[in-house]
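The values are calculated or read from the model by the stated rules, or taken from the named source; none is laboratory data. On a predicted model such as this, the values are computed, not experimentally measured, just so you know. A quick note on method: Cβ atoms are made from the backbone with ideal geometry, for glycine too, and the neighbour counts reach across all protein chains shown. Ligands, DNA and RNA are excluded from the accessible area calculation, which covers all protein heavy atoms including side chains. Shrake-Rupley method; radii C 1.70, N 1.55, O 1.52, S 1.80 Å.
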Amino acid sequence: MNILDELKWRGAINQETDHEGLTDLVNKQSAGIYVGIDPTGDSMHIGHLIPFMILKRFQLAGHHPVILIGGGTGSIGDPSGKKSERVLQSMDKVRSNERKLTAQMEKLFRQDGKFEIVNNYTWLSKLSLLDFLRDYGKLFNINTMLNKEIVASRLEVGISFTEFTYQILQAIDFLHLYRHNDVQIQLGGADQWGNITSGIDLIHKMEGQEAKAFGLTIQLLLKADGTKFGKSEGGNVWLDPEKTTPYEFYQFWINQDDHDVIKYLKYFTFLDKDEIDELAEKVATHPEKREAQRKLAEELTEFVHGKQAVKQAEHISEALFSGDVAELTTSEIEQGFKNMPSVDVSSDPLNIVEWLVDVTKIEKSRRQAREDITNGAIRINGERIEDVNFEINPANKFDGKFVIVRRGKKKYFLARVK
């Protein structure tokens, strides 16, 4: 199965500019293929990850991936998918975002062969206004640009000249990479079709109609209920572990619906057809075991955060399920209890009844606190406490930073020591 057939099986291909020419290219030689991302934020989220997973597949198939960080285009704003103008960021912020996105890309691509990371600020910043208008602006027809979906969707509410010119700058990027980095293919989301075809048109005008330049877009990924994929209840799921912890990242994938999990395995893992077909059978026959979800969570968490993060996420999950939180590290507590009900407490030792009622307000009254304690319903740092005279000393566990309370079978509270 060649790379294009594999992508078709995975349900990833949306549009191709020339299927026969593209197939011939990838079958005969190691092709250069690029995906761009603008540094409008300091981290990718899982929605951004989709085209880079496809780029990774090309890398594994022996092709040459080029990652373009849009330091130039990101400074003016992409109109794609937006109903209003982007707020321009300071160049200091753009530069900071560039560095963080570059680090994420290096982590994803460095282990599996050669790749390049380039920044379009390098060449776009050297263009004078007159050069831009004479060398490139003359080659773009306004009527054609207005008919591009990206622009047409904005005409009713209006679009600035700055964002209107974005497709010209992206076309210049493709031309530059074609000339200097041996790139023949641009890959992007479905909303990038107009920008990609503008780049191919520019290459043909500048380099001749026989120039081999191709475009490939990816299907918009929807959940089984028809809603757009990519967010959890708490918002975006980020690749930055400071924004979304590896445990939260793991939990997002393991909680996917049975109706979506096989599609996500095709999109987001490098498992082959036989492995995914086997998991699909398990979803159909034993969905309660959630084996496909576990495999999805393991594969994605390892790809983004590494094997140790998978082990840590599984350890946290098991501890929370069993109640054996005493075995968790301080770091694992920070991840696993990030979104648990929490309260700030002092480091002073205190009687458990007073602590539960007066300090944390976990219990509503002393009578209820004593009853829950004597009935064995209270655990402190994983230990069942049945003595109403027990003294809680926050310094005893988790480097003196936390006290974990479990009331009943599943209700956890986190006390943060200040």
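At full extension, residue 181 and residue 220 could sit 11.2 nm farther apart than now, given 0.36 nm per residue minus the alpha carbon distance.
Note: relative contact order over segment 95-199, using C-alpha pairs below 8 Å and six or more positions apart, is 24 percent.
Over 21 Å apart at the Cα level, from the set 28/148; 100/243; 107/307, are 28/148.
For the chain, the solvent-accessible area of protein heavy atoms averages 50 Å² per residue (probe radius 1.4 Å; ligands and nucleic acids excluded). In segment 1-101, if the dipole is taken from +1 on Lys/Arg beta carbons and -1 on Asp/Glu beta carbons about the Cα centre, which of 22, 43, 9 is farthest to the positive end? With unit charges placed on the Cβ atoms, the residue in question is 43. With 5 Å bins beginning at zero, the pair-distance distribution over Cα atoms of segment 364-411 amounts to 5, 21, 30, 24, 15, 5, 0 %. For residue 175, the accessible area of its heavy atoms, probed at 1.4 Å with every protein chain present, is near 0 square angstrom. In the chain, the DSSP beta bridges split such that about 50 percent are antiparallel, to the nearest 5.
Apolar share of the accessible surface for segment 4-78: 44 percent from carbon plus sulfur atoms, 1.4 Å probe.
Taking the accessible area of segment 152-204, probe 1.4 Å, and keeping the other protein chains in place, the carbon and sulfur fraction comes to 52%. Principal axis analysis of the Cα atoms in the chain yields extents of 86, 49, 39 Å, listed in decreasing size. Using C-alpha pairs under 8 Å with a sequence gap of at least 6, the mean separation divided by the residue count of the chain gives a relative contact order of 14 percent. Shown in residue order for segment 194-206 are the 3J(HN,Hα) couplings computed by the Karplus curve 6.51 cos²θ - 1.76 cosθ + 1.60 at θ = phi - 60°: x, 5, 5, 5, 5, x, 5, 4, 5, 4, 5, 5, 8 Hz (x for Gly and Pro). Here segment 270-377 has 47 percent of its accessible surface on carbon and sulfur atoms, given a 1.4 Å probe and all protein chains in place. Helix-only arithmetic for the chain: the sum of -39500 (n - 2.57) across DSSP H runs with n ≥ 4, divided by the residue total, places the mean residue ellipticity at 222 nm at -13000 deg cm²/dmol. Highest GNM mean-square fluctuation among 263, 364, 205, for the chain modelled with Cα contacts below 10 Å: 364.
Using the Cβ-Cβ distance between residue 60 and residue 377 with R0 = 60 Å, the FRET efficiency computed as 1/(1 + (r/R0)^6) comes to roughly 0.70. Backbone amide hydrogens, once placed in the peptide plane, bring residue 342 within less than 5 Å of 414, excluding anything fewer than 5 places away on its chain. Separation of the alpha carbons by more than 29 angstrom is noted, of 93/266; 8/295; 295/338; 114/338, for 93/266; 114/338. If you find the alpha carbon centre of segment 390-418 and of segment 1-58, how far apart are they in angstrom? Going from one Cα centre to the other spans 48 Å. May I ask for the angle, rounded to the nearest 10°, between helix 258-268 and the longest principal axis of the chain, with both axes built from Cα atoms and the value confined to 0 to 90°? With rounding to tens, the tilt is 50 degrees.
How many angstrom lie between the Cα centre of segment 139-200 and the Cα centre of segment 241-286? Each part's Cα centre sits 34 Å from the other's. In order along segment 166-177, the phi-based Karplus estimate (6.51 cos²θ - 1.76 cosθ + 1.60, θ = phi - 60°) of 3J(HN,Hα) comes to 4, 5, 5, 5, 5, 5, 4, 4, 4, 4, 4, 5 Hz; Gly and Pro are listed as x.
In this structure the amide hydrogen of residue 127, modeled in the peptide plane, comes within under 5 Å of no amide hydrogen from residues 5 or more places off or on another chain. Each residue of segment 139-144 was assigned a 3J(HN,Hα) from its phi angle through the Karplus curve 6.51 cos²θ - 1.76 cosθ + 1.60 (θ = phi - 60°); the sequence is 8, 10, 8, 4, 4, 5 Hz, with glycine and proline shown as x.
Were the residues from residue 390 through residue 134 laid out at 0.36 nm apart, the gain over their Cα-Cα distance would be 84.0 nm.
How about residue 126: which aspartates and glutamates have a C-alpha closer than 18 Å to its C-alpha, ignoring those fewer than 8 places off in the same chain? Straight-distance partners of residue 126: 135, 173.
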